[in-house]
1. Spot the failing condition for residue A:31; the list is (1) touching a strand residue (DSSP E or B) at 6+ places or on another chain (Cβ under 7 Å); (2) at positive phi, and only one is missed.
2. Going residue by residue through the range B:216-238, is there one that turns out to be surrounded by fewer than 17 Cβ atoms within 10 Å (Cβ to Cβ), assigned by TED's automatic domain parsing to the domain that holds residue B:313 and within 30 Å of residue B:345 (Cβ to Cβ)?
3. Report the residue count in the range B:20-35 for those that are crowded, with 21+ Cβ neighbours inside 10 Å and in contact with a helix residue (DSSP H, G or I) (Cβ under 7 Å, 6 or more places away or on another chain).
4. So which residues in the range A:36-63 are out of contact with any strand residue (DSSP E or B) (no Cβ under 7 Å at 6 or more places or on another chain) and either surrounded by fewer than 16 Cβ atoms within 10 Å (Cβ to Cβ) or more than 10 Å from every other protein chain (Cβ to nearest Cβ) (or both)?
5. Could you grab me the full set of residues in the range A:352-362 that are away from chain B (no Cβ under 12 Å) and in a loop (DSSP other than H, G, I, E, B)?
6. Is there a residue being touching a residue at least 60 places away in the same chain (Cβ under 8 Å) and within 16 Å of ligand 2 (Cβ to nearest atom) anywhere in the range B:117-136?
7. Considering only residues of the range B:102-111 that are over 17 Å from the mean Cα position of the chain (by Cα) and buried (at least 18 other Cβ atoms within 10 Å of the Cβ), which is nearest to residue B:165 (Cα to Cα)?
8. Do we have any residue at all in the range B:283-296 that's buried (at least 24 other Cβ atoms within 10 Å of the Cβ), within 13 Å of chain A (Cβ to nearest Cβ) and assigned to a loop (DSSP other than H, G, I, E, B)?
Ligand SMILES: [Mg+2]
Ligand SMILES: [Mg+2]
């Protein structure tokens, strides 16, 4: 019998830890044990959770901080992410002082989920980039802009030779520029630009709308030639992502945006740790790229959490492909050496201001990123490459080098 | 032009509050302002958020705790809850020290959501109970039980004359007792029992499965005679609930379970406040009943938060019906006077152990609850009613009276 093992961080009186652990193991599986007649106890024994470990971390002002590992029989779970989430952190999430810290999924259960249909290797194959990190440019402004204004902004980004351009995740209203028209229009522009630059830029379109119509819309966008879908997974639900990943008609990568996830991972004593949320769960559900607020820029995930998250995205598996990590938030070309040291080549660097804020314009911003990456691939220092590349030089002048 | 107004709690340096507020108002709507050419500024002005208020609450060790109100133009939003969530708390949720504390929805936007199809009044009409609070009994144990064992447990609960019986929310695996068979079997039992007791007990079946199949399954359950659907909304997504509420073929109430929501509301400095999450958003999306961990029992929501939550569920509106609050977690008959004082008659009291742990059995547990409620309706003290009702007397003996 296979178990999903959840690790919780709990703060409580030391002598209550065992009772808490047993309460979780029984309460979140068979409900109660002592109330059951002996015949039923035998029947449901295989459905009962088990306490795998109780490990004291430290004494705190509130009591003892401990990690409790509970095993949940796979038999209680189904092919929905909801079954997993509700089982391991449904009622328990409301206990006030428990955090879901880690999740181990047995292979038999992993097999029941789609996982990334492309993943890191599949995306490389699809776009024909063998080794270097990919670059994604983020539309800065979408709301209220006409299709032709947006098309102009797409063109400038494509001229920067970035691999992908993604919509602003807050771009929902389609009255001025419907997503299907954006896909068509940007596709034409990308082909025109590729004839000049040799680099075809792809577009990750924000998949929005009501349910269940969204599923139909995804197929229409694919038919219209969409290169990739961007999904606000934590606003729509993990099973929405899984449904898209399972759909054989959707033969393009899905980029998971972390919007709203901070409401779940930000507190150290409650909620769900970012590596579980953005790592394990998004990979199970089928994200090919996971965007996350990197530790380098303006925002919040610390270096240790980012490291663990990336480990979960890349953890070797015979069943699910590796996800391509998409560090974002505050990235600029002067950070590329640091990104390389921490993530090596296997990532997609996502930048908004760090491309579009380039002193010589958006196209120069994309090219500066690409020059920085090529320098790394050639084993060169950023500063040395800047001697030959005006765009990179101007970017380093503007933002400096983070070493 | 109508605005959704979000209130955030922010902890920061006092002299940075204005800049933070402007950063939110612009960053979450039009992306950037100063970068836009003047012609585009004019065009997108109607899409730009506005700072409505900055109010200092207190000085803390980290700086200043303040409330910031931002207005978001309805034009940026669509008919999906995802558009609302991502706009008001997408990227912002990852800022580390911001909490979404309240949400004001203008009527024009409210109209674009289904709201409760039954709500408190509709459910009363449907089941023919005019005034008293409703009682819901919660299956204690579901996983691993056969259909006949579950049917037996349903029968005992129905004999207690409760209005609804709901599945355990962790009941996902259908291998032993498919939901459609449960609906049929429990329905037969409910009719048999009603012939004896005069009270027909209804069944809220846990709607589970993968997407998009879940939508189809909901219709099949309705056709099979389901009385109500139970949905783990925060595991599946708010737009899944809205899709069910919008579906004209689903002509039964939807009960929203709060599982997983604690991962979002539990931290005082991050996440989304429970009254927004379980109140405003569930009502917009179309929950008829909202279950929540009441302040009376074992779990976490404090009295003030519960009060605000219930206010949001019942806030007078010409557009959306009132939701029936479903206090749960640790309720027993000795609490009914307190529940009455705080919620009056307009609620559905949900109990698991407080019914099934009755010393004389499950049916006695249900009847004790009902006797307690009838006492309140008659303006009687619980202790006085217990002189005439053995089941209530034994319940008060077992659990005491909470005054
Ligand atoms: Mg953005
Ligand atoms: Mg339960």
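The values are calculated or read from the model by the stated rules, or taken from the named source; none is laboratory data. Computed from a predicted model, the values in this text were never measured in an experiment. When we count neighbours, we look across all protein chains shown, and the Cβ atoms used for this are built from the backbone with ideal geometry, even at glycine.
1. Going through the list (1) touching a strand residue (DSSP E or B) at 6+ places or on another chain (Cβ under 7 Å); (2) at positive phi, residue A:31 breaks only (1).
2. Yes, because at least one residue in the range B:216-238 is surrounded by fewer than 17 Cβ atoms within 10 Å (Cβ to Cβ), assigned by TED's automatic domain parsing to the domain that holds residue B:313 and within 30 Å of residue B:345 (Cβ to Cβ).
3. Total satisfying the criteria: 4.
4. Step one: of the range A:36-63, the residues out of contact with any strand residue (DSSP E or B) (no Cβ under 7 Å at 6 or more places or on another chain) are A:36-45, A:48, A:59, A:61.
Hits for the range A:36-63 are A:37, A:38, A:39, A:41, A:42, A:45, A:59, A:61.
5. Within the range A:352-362, A:359, A:360 qualify.
6. Here is the first cut: in the range B:117-136, the residues touching a residue at least 60 places away in the same chain (Cβ under 8 Å) are B:117-123, B:126-127, B:131-136.
Still in the list and also within 16 Å of ligand 2 (Cβ to nearest atom): B:136.
Checked against the condition, which is being touching a residue at least 60 places away in the same chain (Cβ under 8 Å) and within 16 Å of ligand 2 (Cβ to nearest atom), the range B:117-136 yields at least one hit.
7. First pass over the range B:102-111, keeping only residues over 17 Å from the mean Cα position of the chain (by Cα): B:104-111.
Filter once more, keeping what is buried (at least 18 other Cβ atoms within 10 Å of the Cβ): B:105, B:109-110.
Working: B:105: 33, B:109: 35, B:110: 31 Å.
Step by step, filter the range B:102-111, then rank; the result is B:110.
8. To start, the set of residues in the range B:283-296 that are buried (at least 24 other Cβ atoms within 10 Å of the Cβ) comprises B:283-294.
Those still in the list that are within 13 Å of chain A (Cβ to nearest Cβ) too: B:284-286, B:291-294.
Retained after the next criterion (residues that are assigned to a loop (DSSP other than H, G, I, E, B)): B:286, B:294.
Yes, the conditions are met somewhere in the range B:283-296.
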